[in-house]
Amino acid sequence: MTAVLRSRRLRAAAVATGAAVLVTRALRRRVKDSPLWPMPALEQPISGIGRTRTGHRELLVVERAEEAEGVVRLRLEGESLPGWEPGAHIDLVLPSGAVRQYSLCGDPADTGTYTVAIRLVEDGRGGSREVHEQLQEGTVVAVRGPRNRFRLAESHAYLFIAGGIGITPILPMLRQAEREGVPWRLLYGGRSRASMPFLAEIEKLAGADGDRVTVVAEDEDGRPDPAAALADAPPHSAVYCCGPQPLMDAVAGLLPDGLELHTEAFAPVAAGAGAAGGAFEVELRRTGRTVTVAEDRSILRALREQALPDLPYSCEQGFCGTCRQHVVEGDIDHRDELLTDAERDEQMLICVSRCHGERLVLDL
């Protein structure tokens, strides 16, 4: 009830002062002017908080809390939000125009809000700092999605392995497994207990059977031992791992026969703009131009440099989807971590994906 009243007060204050309109207009200006993503300005929804014509939704930050050291939790409210399942993530379109992906870690049954938790990465690309410094209670933020490439498959038992902020997609999975009565175990590692988000809720989920959860704080116990956790997993268990790449590599290398591994990375493993690959040509069907993509250039960079300087983009790492294009002809060398198998037949992310062969034709 307190959260509902708080949300109503925030919304009422925004409407009474015109703050929602001002923030939305400011967001539109900054996104439009951003050198990172010169996309069309967002449309103004009737209420100031809702769906936009560009496929984004403008949500209100109704709660901001420090979930752990360096981790901020945001609860975003909106109307008629699409449903989601454990493992799903949303795209936050930040005030600068940058797009970042964050796992949903709330309750799928709550159809009026989305919850995300973001760790501040001091040496990152700036997205997490922007979230921490600019997304306060009462802020309006544009959201895309949700999408899910880390779904919880049916299984007779689960082993979850999480490192640090990698707990965010795992947490809703724990809740679902517990609700459905499916046996589960969790290995959860972090730098320190104070830095590990949702630790209290996880230990509460474990209940009397505290052995289901193994918490390893590096400053107390050293690094977690995935080998022991995997060895104890029942045969044919589903193993879900999210965390730093070295942790996921270790789990993959130690996986016993009979266990099914599912992973999700913080950052894409796709090859970047300078990835190995021969040169090829890209024909732009609608403009009638042909661009040569050199070995050391991405399609995105080649098109912006030679033909379409205003072509939208954001992450340049194959996971946000801003540069998605329709392919008319050609054999696509997919290197992204976003598109579904069905989408890959006719679409590609031109910031990382390339061509098997000498020629692609894009609907541009």
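A single entry from R129, R119 fulfils the requirement of being buried (at least 17 other Cβ atoms within 10 Å of the Cβ) and among the charged types (D, E, K, R): R119.
If you check T263, T322, T287 for being assigned to a loop (DSSP other than H, G, I, E, B) and modelled with pLDDT of 85 or more, only one passes: T287. Of the residues in region 1-18, none is within 28 Å of P312 (Cα to Cα) and either modelled with pLDDT under 90 or buried (at least 18 other Cβ atoms within 10 Å of the Cβ) (or both). So, in region 97-115, of the ones that are in a loop (DSSP other than H, G, I, E, B) and in contact (Cβ under 8 Å) with a residue 40 or more places away in the chain, which residue ends up surrounded by the fewest Cβ atoms within 10 Å (Cβ to Cβ)? Step by step, filter region 97-115, then rank; the result is D107.
Residues that are β-branched (V, I, T) and surrounded by fewer than 19 Cβ atoms within 10 Å (Cβ to Cβ) were ranked within region 309-364; the one that is farthest from S298 (Cα to Cα) is T340. Check region 116-130 and report whether any residue there is in a helix (DSSP H, G or I), of a type outside the set (D, E), over 22 Å from P244 (Cβ atoms) and assigned by TED's automatic domain parsing to the domain that holds R75. Among the residues of region 116-130, not one is in a helix (DSSP H, G or I), of a type outside the set (D, E), over 22 Å from P244 (Cβ atoms) and assigned by TED's automatic domain parsing to the domain that holds R75, which makes the answer no.
Checked against (1) in a loop (DSSP other than H, G, I, E, B); (2) touching a residue at least 60 places away in the same chain (Cβ under 8 Å); (3) within 30 Å of G164 (Cα to Cα), P256 passes all but a single condition, namely (2). It is to be established whether one or more residues within region 162-177 are surrounded by fewer than 20 Cβ atoms within 10 Å (Cβ to Cβ) and assigned by TED's automatic domain parsing to the domain that holds A206. Yes, region 162-177 contains a residue that is surrounded by fewer than 20 Cβ atoms within 10 Å (Cβ to Cβ) and assigned by TED's automatic domain parsing to the domain that holds A206.
The values are calculated or read from the model by the stated rules, or taken from the named source; none is laboratory data. All figures in this text were calculated on a predicted structure; none of them were measured in a lab. Cβ: placed from backbone, ideal geometry, glycine included. Neighbour counts: every protein chain shown.
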